[in-house]
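Student: Structure provided below as structure tokens; questions to follow.
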């Protein structure tokens with residue numbers, strides 16, 4: 001089947017079904033990270049492949065930022081399991097127009113995020129390539145019970161950390177260019193696009209305190225990633241549009257786009273999780289003591305799929321609710 | 001500096017020097033695999049990135065073979081540490097001309113090697129790309145003392161498993177095409193090029209019995225990889241040309257090339273190791289009981305670099321002794 005018809009998630013599902021689950025694998029393909037046993041103990045493992053022309057354009061990103069972000073997207077997957085990252089393996093395909101200073105600049109970016117988070121780059125592979133390829137694999141220490149995508153129940157509240165849509169709106173302004181980019185608000189949105197900071201501490205706390213029933217990081221867009229939770233947990237979800245956490249900068253610059261980027265933009269690298277109603281107080285407390293905004297944006301319901309309701313309780317046309325799929329042509 | 005001047009190994013060395021060695025890292029960048037601590041226990045980790053047009057050409061390989069080989073090169077790195085592989089993470093960049101059947105065929109090849117070796121594919125990442133990209137990361141259980149590249153001493157014998165040069169000569173015949181390819185001997189050489197079998201059992205035995213002082217797998221060519229051992233161990237090495245283990249098929253088809261591919265060809269995925277003279281008997285025994293040919297091909301000497309001597313004891317011109325470097329233009 002053509003991949004453009006099957007889609008990225010269709011392909012992953014097909015691979016997953018055919019892939020035997022081996023000895024020592026507590027959780028294999030299909031979540032934010034795999035969870036595997038060692039002779040004594042266990043680890044979380046995740047990987048991301050970033051390709052020039054597909055995931056980034058060197059016109060719009062510095063090599064430092066690219067290094068930073070390559071690691072960030074992996075640490076965000078670990079955060080979504082509640083783990084603490086320990087080691088990174090970085091493989092590069094390097095085109096002829098880059099020199100060793102460029103590669104070192106990329107490593108500087110990786111290290112700028114790795115060091116404060118206690119992550120060591122322990123190896124990898126370097127090659128020539130026609131365009132820049134960055135492949136990162138991260139190994140992490142799991143919490144006693146890693147947070148999966150499955151586990152949400154009907155009636156659970158749905159929460160998200162931080163604000164949504166900043167990264168996607170930032171990228172849009174960047175592509176459009178011009179005077180808008182020089183505004184202070186634009187700089188903040190761009191920073192969120194270029195150097196996303198994974199929510200490691202919050203993820204680890206939610207896992208340790210057993211406050212979340214299911215969790216994922218928002219990389220493909222809120223609606224798309226919530227669909228993953230719904231499918232894995234066999235629930236549906238309702239999101240209240242007016243509850244979406246938007247930054248002041250987003251509000252200032254989104255214009256007639258409204259919440260579109262917050263719902264579908266992607267690359268937010270915030271945590272999206274479900275929790276029992278009885279934990280509302282403790283989650284509020286965790287948000288206050290850790291100074292990380294956590295917003296209650298919806299509820300898990302019977303059925304399937306994600307519905308977004310406006311202030312009047314009317315559904316926002318679901319056809320407009322996309323999210324990112326690497327293979328499907330939109 | 002231009003990467004074509006610095007070279008792959010120059011770049012790796014530069015990265016290694018700047019890379020802090022973090023907490024829990026027993027062995028970081030610069031060996032066949034990294035060795036890292038978990039809260040209880042430790043793991044080996046290795047990664048390889050294979051890029052269409054750089055490492056392979058879909059004209060000359062099936063997707064099944066490509067999957068098989070992508071995992072094989074990583075397992076060979078684990079074999080060279082004496083470890084037993086457990087988990088693989090497979091990330092793909094997939095061009096538009098491939099469909100889901102092709103991707104499944106690649107996975108079939110991966111699994112054909114993974115299953116008999118107890119390796120589980122636990123995750124990865126899938127993306128669109130302009131050309132096929134395969135990034136594999138493998139996590140393994142280490143022996144109590146992993147075999148590093150450093151550790152060889154002056155006077156140590158130098159050994160290699162199996163036969164050398166088959167893969168490189170096979171590739172050469174493939175590229176040349178024509179009637180030569182239809183010979184039975186050619187088929188065997190081609191099989192070694194397409195589906196190299198990593199020496200996991202031998203590597204693990206050598207580590208467990210503490211018979212090797214230093215070890216590496218032959219991926220870039222015997223001379224090149226022996227140089228890595230020499231540099232890490234601060235020794236020189238002498239190789240006796242007439243002792244190089246050559247298959248009957250290689251002898252039949254190498255013609256005037258002589259031992260050239262055995263010395264410099266690469267992609268043999270045999271184990272190259274050093275051992276104390278006092279262990280000659282036990283290594284011979286290990287070779288016989290495990291039915292894996294192990295040939296004593298040289299000796300570690302004072303000084304630096306690798307010298308290859310012909311039957312008369314004369315050095316073979318070292319300028320001719322290359323080996324593969326991804327960045328240097330030869």
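Rule-based calculations on the coordinates, nothing more; no lab input. If you're wondering where the values come from, they're calculated on a predicted model, not measured in any experiment. Positions of Cβ are generated from backbone atoms using ideal geometry, with glycine treated the same way; all protein chains shown enter the neighbour counts.
Student: Rank-order A:241-248, B:135-142 by packing density, defined as the average count of other C-beta atoms within 10 Å over each peptide's residues, highest first. Walk me through the numbers before you get to the answer.
Tutor: Values: A:241-248: 16.6, B:135-142: 27.4.
With the highest mean Cβ count within 10 Å placed first, the list reads B:135-142, A:241-248.
Student: Bin all alpha-carbon pair distances of the stretch B:186-307 at 5 Å intervals from 0 and give each bin's fraction as a whole percent.
Tutor: In order of increasing distance, the bins hold 2, 10, 19, 24, 21, 15, 7, 2, 0 percent.
Student: I'd like the FRET efficiency for residue A:13 and residue B:252, computed as 1/(1 + (r/R0)^6) with the beta carbon distance as r and R0 of 45 Å, rounded to 0.05.
Tutor: Taking R0 as 45 Å, the efficiency between residue A:13 and residue B:252 is 0.40.
Student: When Cβ neighbours within 10 Å are restricted to other protein chains, what is their mean count per residue of peptide B:75-82?
Tutor: Average neighbour count from other chains, rounded to a whole number: 0.
Student: Can you work out the FRET efficiency for the pair residue B:60 and residue B:101, with r the C-beta to C-beta distance and R0 = 22 Å, to the nearest 0.05? Don't skip to the answer; put the middle values down first.
Tutor: On the way: r = 20 Å, r/R0 = 0.90.
FRET efficiency, residue B:60 to residue B:101: 0.65.
Student: Between residue A:243 and residue B:243, what is the label-to-label distance in nm when each label sits 7 Å out along the Cα-to-Cβ direction?
Tutor: Reported label-point gap for residue A:243 and residue B:243 is 7.5 nm.
Student: Separate question: Residue B:309 label point, 7 Å along Cα→Cβ, cut-off 14 Å on backbone N: hits in the stretch B:151-170?
Tutor: Correct set: B:155-158.
Student: I need the Debye-formula profile for chain A: one equal scatterer per C-alpha, no solvent, reported as log10 I(q)/I(0) at q = 0.13, 0.14 1/Å, two decimals.
Tutor: Log10 I(q)/I(0), no solvent term: -1.02, -1.19.
Student: Placing a label point 7 Å from Cα toward Cβ, how far apart in nm is residue B:208 from its equivalents in the other copies, listed shortest first to one decimal?
Tutor: Reported distances to equivalent positions: 4.0 nm.
Student: Moving on to the next point. Peptide B:48-59: average number of partner chain Cβ atoms within 10 Å per residue?
Tutor: Average per residue, whole number: 4.
Student: Further, regarding this structure: Over the protein assembly as shown, what number does the Rg to Rh ratio reach, with both radii from the alpha-carbon atoms and Rh per Kirkwood?
Tutor: Answer for the protein assembly as shown: 1.01.
Student: What is the extension gain from residue B:285 to residue B:208, computed as 0.36 nm multiplied by their sequence separation minus the C-alpha to C-alpha distance, in nm to one decimal?
Tutor: Result for the pair: 26.2 nm of gain on full extension.
Student: Would you mind telling me which residue in B:38, B:74, B:111 has the biggest mean-square fluctuation in a Gaussian network model of chain B, where springs connect alpha carbons within a distance under 10 angstrom?
Tutor: So, out of B:38, B:74, B:111, the one fluctuating most is B:38.
Student: Go ahead and set up a Gaussian network model of chain A, Cα springs under 10 Å, then flag whichever of A:56, A:64, A:273 fluctuates most.
Tutor: Between A:56, A:64, A:273, it is A:56 that shows the largest mean-square fluctuation.
Student: Okay, moving on. Summarise the partner chain shielding of A:137-150 as one whole number: the mean count of Cβ atoms from other chains within 10 Å of each residue's Cβ.
Tutor: Per residue, the number of nearby Cβ atoms from other chains is 2 on average.
Student: Then there is this: Taking springs between alpha-carbon atoms closer than 10 angstrom, which of A:66, A:75, A:92 fluctuates most in the Gaussian network model of chain A?
Tutor: Of the options given, A:92 has the highest mean-square fluctuation.
Student: Shifting gears a bit: What does the copy distance list look like for residue A:95, label position 7 Å along Cα→Cβ, in nm and ordered from shortest?
Tutor: 1.6
Student: Moving on. Find every distance from the label point of residue A:314 to the corresponding label point in the other copies (7 Å from Cα along Cα→Cβ) and write them in nm, one decimal, shortest first.
Tutor: Counterpart label points of residue A:314 in the remaining copies fall at 9.4 nm.
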